[in-house]
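Structure first, commentary second.
The values are calculated or read from the model by the stated rules, or taken from the named source; none is laboratory data. Only a predicted model underlies this, so the values are computations on that prediction, with no experimental measurement involved. Heads up, the Cβs are rebuilt from the backbone with ideal geometry, glycines too, and the neighbour counts pull from every protein chain shown.
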Amino acid sequence: MNRHRLIILAAVAVVAALAAGLLLFEQDGQPQLSAGRMFPDLEPRLNDITRLTVQLSKDETLSLERSEKEWLVVEKAYFPANLEQLRKVLVALARTEKVEQKTSNPEYYDRLGVQDMDNAGDQTRLLRISADGTTLAEVIVGKSGDGGNSYLRPANQPVSWLGSEWIDLPKRVNAWLDAKLLAIDAERIASIEIVHPDGLQLRIEKQPEGPKLFRGDEQLTARTDALERVIGTLGNLSLEDIVDEVEGDDATWRTTRFVTRDGLTIAAQTLSEEDRLLARLTAEIHGEAPSEDLQSEAQQLNERLGGRTFVLASYLKDRFAPTLDLLQEEPEGEATH
């Protein structure tokens with residue numbers, strides 16, 4: 001067989017390989033053939049998945065578990081998970097193609113961020129997906145490639161790859177939680193009662209001519225904009241984290257009660273720390289003969305809020321429990337002379 005014919009046959013073989021959905025790579029001078037998808041059996045089973053575990057660092061793991069009604073984050077008091085984030089991860093991994101074969105030398109794994117978790121870098125994650133105890137996919141997710149995709153290495157396998165998709169596994173806890181806590185419009189609020197640890201009790205009442213501030217029966221002067229900010233506190237309230245135990249004396253917590261016009265009260269206990277605000281929230285019903293809708297709302301809120309301590313943004317301390325000075329002082333630059 002002459003040289004020209006050999007070249008033609010080799011070219012035909014390459015075309016046939018490409019037509020069959022195979023990718024041709026070369027590593028260490030040797031041609032490598034690889035099928036397209038990294039986990040070809042995952043997409044047909046997306047609806048069967050019952051658990052996703054992501055190891056964020058050597059010492060931190062989050063597990064998302066499917067209950068009869070919803071997905072929950074196990075390590076965060078079984079709080080509802082962020083379904084958009086969950087779907088994004090599952091679909092991206094199921095559709096990930098093997099774009100380019102990379103190193104199989106453990107000495108070079110750290111360049112791609114695909115080393116074992118015992119030596120994990122800041123961008124290294126271990127992702128495990130299972131259905132009723134059966135592992136469907138387990139992969140180490142490393143750094144991002146230049147094309148907005150991820151370097152990957154299937155767990156317990158030496159070969160690493162550049163994948164076709166970006167597997168977004170954020171380290172921020174609230175990215176995995178359904179972060180929106182409450183959405184009670186300011187128009188619904190009738191009054192707010194604030195009790196400080198030193199015994200100071202303030203009350204904000206919405207009146208036809210605008211919100212008013214009281215200390216007992218005494219009406220105090222106050223800035224309308226400051227009162228309105230407090231009234232709007234629950235309009236779009238989001239969490240940053242959930243904690244298990246809190247050190248400190250319960251007597252240092254502030255109490256705030258947001259009373260609505262239709263019979264719902266949100267009772268909040270808050271504790272301000274250096275860079276965060278801790279909050280315990282419960283829903284209560286006041287008034288006689290509450291409607292079934294109101295009772296259902298309170299029940300659903302307590303299922304979501306009850307028995308948990310939330311971490312909120314630190315600036316919210318001045319919304320939940322503002323001091324008298326804060327409600328009365330002129331904004332900087334607006335003081336009269």
Query - Verdict on residue 182 being crowded, with 18+ Cβ neighbours inside 10 Å, modelled with pLDDT of 95 or more and more than 26 Å from residue 284 (Cβ to Cβ) - result: no
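Out of 102, 98, 88, I need the residue that is of a type in the set (Lys, Arg) and within 14 Å of residue 157 (Cα to Cα). Which one?
Numbers: 98 fails: within 14 Å of residue 157 (Cα to Cα); 88 fails: within 14 Å of residue 157 (Cα to Cα).
None of the other options fit; the residue is 102.
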Report task. Just give me the residues in the stretch 54-98 being over 23 Å from residue 300 (Cα atoms), of a type in the set (Asp, Glu) and not in a strand (DSSP E or B), in sequence order. Result -> 59, 60
Requested in this report: May I ask you to verify whether residue 119 is exposed (fewer than 15 other Cβ atoms within 10 Å of the Cβ) and either closer than 24 Å to residue 158 by Cα or in contact with a helix residue (DSSP H, G or I) (Cβ under 8 Å, 6 or more places away or on another chain) (or both)?
Outcome: yes
Report task. Could you grab me the full set of residues in the stretch 141-161 that are within 15 Å of residue 105 (Cα to Cα) and of a type in the set (A, V, I, L, M)? Result -> 152, 155, 159
Query raised in the report: Of these, 218, 247, which one is more than 27 Å from residue 81 (Cα to Cα), out of contact with any Leu (no Cβ under 9 Å at 6 or more places or on another chain), loosely packed, with under 14 Cβ neighbours inside 10 Å and free of Cβ contacts under 8 Å to residues at least 12 places away in the same chain?
Result: 218
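With respect to residue 100, determine if the residue is of a type in the set (D, E, K, R) and more than 30 Å from residue 281 (Cα to Cα). Spell out how you get there, then give the answer.
Numbers: of a type in the set (D, E, K, R): yes; more than 30 Å from residue 281 (Cα to Cα): yes.
The answer is yes for residue 100.
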Requested in this report: Mind listing just one residue for me: the one in the stretch 99-121 that is in a loop (DSSP other than H, G, I, E, B) and hydrophobic (A, V, I, L, M, F, W, C) and, of those, nearest to residue 175 (Cα to Cα)?
Outcome: 120
Query raised in the report: Looking only at the stretch 260-318, which residues are among the hydroxyl-bearing types (Ser, Thr, Tyr), surrounded by 16 or more Cβ atoms within 10 Å (Cβ to Cβ) and under 20 Å from the mean Cα position of the chain (by Cα)?
Result: 309
